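Please read the structure below before turning to the comments.
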Amino acid sequence: MAAPESLVYERPESFTETPTHYCPGCTHGVAHRLVAEVLEEMGVTNRTIGVAPVGCAVFAYNYFDTDFVEAPHGRAPAMATGVKRVLPDRVVFTYQGDGDLASIGMGEIVHAAARGENITVIFINNANFGMTGGQMAPTTLPGMKTTSSPNGRDVESQGYPIRMSEMISTLDGVGYCVRRSLHDPKNIRLAKKAIRTAFETQVRGLGFSMVELLSTCPTNWGMTPVNSLKFVEEHMIPAYPLGDYKVSEAIKQVKI
Amino acid sequence: MPAKGWIEVSDLYCKGCELCISACPQEVMELDMSRLTPKGYHPAHTFKDGCTGCAICALVCPDAAITVYREVTKAVPAAG
């Protein structure tokens, strides 16, 4: 007689059946899965509108079983602003990489946060422009080799990395702004909780919410997926400390 | 006695990135070098007993390729 079985985990229903185009081991997939699980747990999948960026996540609309729009490079927060203002009962989130959000989209993200737009931003920080071949991004670490800084990022001529969460958290319109990492099971669980809190912030109308996720880029870093996770732990977390940069008083009261 | 579990890895999604293999606390996973997925990767599988159904492999899987089951050892009280 077969023992009774119980299902512990299955692919979230908020995902379509399309396999992702991401490189093997890229933690974009983990971030997608966490967002899908959170939307499913909150029961808001059928009233969610995502805004896809330009970058590796440009095809995000193929993977989520929600409505989606595609924004020009860096303009996802501006487009999300419009969508949310026209359809305030929808859950609107943008999913942006560092090349999109911290470089060309710096103006949009800062002003969307300053206006306190009631949207959620999932910010993937993998320290380079992944889609176009690993060029230097504003978040590239000092000394880190990329295809456009082959001798390592020289801070004398190329400047210092930008810490987005710290910067965004100084704005008054922001309700929730944290940085998490996706390099081990514990931190993935913490990241999921942060994404849940960010969406709860939006559903309750408590202001702009952003979750920065430290992510990997095994192909452009020239590492195996397992070594990429070690790189995040050893080099990225010291430069981008994990933590809650802004949690407004109203959100501290929210119990999930 | 530890819980007994098992996993199913979808050939459609698995890309053989080995993140589940390094994360598995029981160290019972490896790439199945005798098979190829339609995309041309060697998929992950469990090569020996010892899976507890902890679902950490599914938690770290970037492609949501893993479904986890666990054997029910005692009657679960009816909900509500």
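The values are calculated or read from the model by the stated rules, or taken from the named source; none is laboratory data. Nothing here was measured: the structure is a model prediction, and the numbers come from that model. Counting neighbours? That spans all protein chains shown, and the Cβs are built from the backbone with ideal geometry, glycine included. These accessible areas exclude ligands, DNA and RNA; they are computed on the full protein's heavy atoms, side chains included. Shrake-Rupley method; radii C 1.70, N 1.55, O 1.52, S 1.80 Å.
Kindly indicate the residue of the range A:31-55 that is of a type in the set (A, V, I, L, M, F, W, C), buried (at least 21 other Cβ atoms within 10 Å of the Cβ) and more than 25 Å from B:Ile56 (Cβ to Cβ) and also nearest to the other protein chains (Cβ to nearest Cβ) among those meeting that condition.
Residue satisfying both the conditions and the ranking: A:Ala52.
As an exercise: evaluate B:Pro38 against (1) at the interface with chain A (Cβ under 10 Å from one of its Cβ atoms); (2) modelled with pLDDT of 95 or more; (3) surrounded by fewer than 22 Cβ atoms within 10 Å (Cβ to Cβ) and give the number of the one condition it does not meet.
Every listed condition holds for B:Pro38 apart from (2).
Is there a residue in the range B:15-30 that is over 16 Å from A:Gly25 (Cβ atoms), within 8 Å of chain A (Cβ to nearest Cβ) and outside any loop (DSSP other than H, G, I, E, B)?
no
Write out, first by first residue and then by second, each pair whose Cβ atoms fall under 6 Å of each other, whose residues are 6+ apart or on separate chains, and whose first residue, in the range A:51-69, is over 16 Å from A:Leu213 (Cβ atoms) and free of Cβ contacts under 8 Å to residues at least 12 places away in the same chain while the second is among the small types (Gly, Ala, Ser) and surrounded by fewer than 24 Cβ atoms within 10 Å (Cβ to Cβ).
From the range A:51-69, the pairs are A:Tyr61/A:Ala52.
Quickly run through the range A:234-250 and pick out the residues that are under 20 Å from the mean Cα position of the chain (by Cα) and either part of a helix (DSSP H, G or I) or at positive phi (or both).
A:His235, A:Met236, A:Ile237, A:Pro238, A:Ala239, A:Gly243
Residue under question is B:Gly50, and the condition is that it be in a loop (DSSP other than H, G, I, E, B), of a type in the set (Gly, Ala, Ser), under 25 Å from A:His21 (Cα atoms) and in contact (Cβ under 8 Å) with a residue 24 or more places away in the chain; does it hold?
No; evaluated as a whole, the condition is false for this residue.
Does at least one position in the range A:16-30 carry a residue that is under 21 Å from A:Arg189 (Cα atoms), in a loop (DSSP other than H, G, I, E, B), within 8 Å of chain B (Cβ to nearest Cβ) and among the hydroxyl-bearing types (Ser, Thr, Tyr)?
Yes; the residues of the range A:16-30 include at least one that is under 21 Å from A:Arg189 (Cα atoms), in a loop (DSSP other than H, G, I, E, B), within 8 Å of chain B (Cβ to nearest Cβ) and among the hydroxyl-bearing types (Ser, Thr, Tyr).
Only one residue in A:Ala127, A:Ala137 is touching a helix residue (DSSP H, G or I) at 6+ places or on another chain (Cβ under 7 Å) and without any contact (Cβ under 8 Å) to a residue 60 or more places away in the chain. Which one?
A:Ala137
Assess whether A:Glu10 counts as being closer than 24 Å to A:Lys186 by Cβ, open to solvent by 20 Å² or more (accessible area, probe 1.4 Å), touching a helix residue (DSSP H, G or I) at 6+ places or on another chain (Cβ under 9 Å) and within 13 Å of chain B (Cβ to nearest Cβ).
yes
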